[in-house]
Amino acid sequence: MSTPRVYVIHENPEWFPPLAAAFEAEGVPVQEILLTEGQIDLGAEPEPGVYWSRMSASSHTRGHEHSKEYTRAVLGWLERAGRQVVGGSHVLELEVSKVAQHGLLQDAGFDVPRTTAVFGTRTLKQAARDFTNGQDVPFITKHNQGGKGLGVRRFDSLAEFDAYVDSPEFEAPVDGITLLQEFLTAREPFITRVEFVGGEFVYAVRVDTSAGSFELCPADACEVPQMIAGAVCDVPGAEQPSAFSVRTEVTAEHPLVQQLRTFLADQRITIAGVEFMETTDGRTVVYDINTNTNYNPAVEESAPASGPRSIARYLGGLLETQYAAQLTA
């Protein structure tokens, strides 16, 4: 067997360089396991080390439709062998299901958006009528297996929604589950994403949503196109350098941060970004859990701590605890 190291399980090599640099800076040995294709010798013992899964719910958008199934197989193999897995099987199932996230957040007492999950497309139009009580009020759609704002659209009338469902622009969710969700109006045009590593608060990010569209979009804080006369009308805009900033007034002592910390501990989730919105009617709505969090470079430059280096230190500490003798041999 090789020298113990941290193994990073993922399917998108474009996301890895900042993490690789952080592990190098912290002196933690690391190796990628790229789950786009491969094999598992089910009779073999996994290499010694700490395994971190950051499989993404949006992997199918990069042509990796089967990576989630491959990840399920790999995580099961590692867990049966007794290897320490950060972001294990139970976390993967949460990552790929907004229905599951919604249920857990609601059960934990968070204010969550009113949501209906629709399985298949045949009943989508009627489900929208049931959801709005037949009224032309704003609502949004999302994909259950999302990330990158997949399927996030705003509709201001049932006629707009009907036209979209019948149009070539309709985006079928990869798992067949479309979410209908109440449209929330932010008190100010931003959402907040709270980053945790090792179960502890790192920093909170203010994500400006006023520009309409930007890259490196955390979860659902993305452009919300509207249907007008049967056509998709995108809000103009490009990536805004100032879209991401540290929200310094949100600290580890913030009541919501403390509540989220307890929630993540209860769910055995140690690395995550959780998003919330403060609305015009005084609500603080928690709506998304990201267990394969990415970090914005502009935020990293001004933040009091580094997200990637916090991860490297955390996973390096787990590695040291388990394999101290082998690492120093």
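The values are calculated or read from the model by the stated rules, or taken from the named source; none is laboratory data. Note that the coordinates shown come from a computational prediction; the quantities given were computed from them, not determined experimentally. Here the Cβ is made from the backbone with ideal geometry for all residues, glycine too, and neighbour counts use every protein chain on show. Please note that ligands, DNA and RNA were not included when accessible areas were found on the heavy atoms of the full protein model with its side chains. Shrake-Rupley method; radii C 1.70, N 1.55, O 1.52, S 1.80 Å.
Mean separation of Cα pairs under 8 Å and 6 or more residues apart, divided by the residue count, gives the chain a relative contact order of 19 percent.
Springs join every pair of Cα atoms under 10 Å in this Gaussian network model of the chain, and among GLU182, GLU249, GLU65 the largest mean-square fluctuation is at GLU249.
The C-alpha atoms of the chain define a longest principal axis, and helix 255-266 lies at about 60 degrees to it. The aspartates and glutamates whose alpha-carbon is closer than 14 Å to the alpha-carbon of LYS68, local same-chain residues fewer than 8 away aside, are GLU11, GLU37, GLU93, GLU95, ASP175. Using Cα atoms only, what is the angle between the long axis of helix 307-328 and the major principal axis of the chain, expressed in degrees (0 to 90) to the nearest 10? With both axes taken from Cα atoms, the answer is about 30 degrees.
A simple charge model with +1 on the Cβ of Lys and Arg, -1 on the Cβ of Asp and Glu and nothing else charged puts the dipole of the chain at about 500 debye relative to its Cα centre. Once the 1.4 Å probe is applied to the protein heavy atoms, the chain comes out at 45 Å² accessible per residue.
Under a Gaussian network description of the chain, with springs only between Cα atoms under 10 Å, the residue in GLN145, GLN101, GLN267 that fluctuates furthest is GLN267. Taking the chain as a Gaussian network of alpha-carbon nodes connected by springs under 10 Å, the highest mean-square fluctuation of the residues VAL286, VAL137, VAL205 belongs to VAL137.
Rolling a 1.4 angstrom probe over the chain with all protein chains present gives an accessible area of which 50% lies on carbon and sulfur atoms.
Taken over the chain, the ratio of Cα radius of gyration to 2.2 N^0.38 Å equals 1.03.
Considering only the chain, what is the antiparallel percent among its DSSP beta bridges, to the nearest 5? All intermediate terms of the calculation are to be shown ahead of the outcome.
Values: 40 of 56 bridges.
Looking only at bridges with both residues in the chain, the antiparallel portion is about 70 percent.
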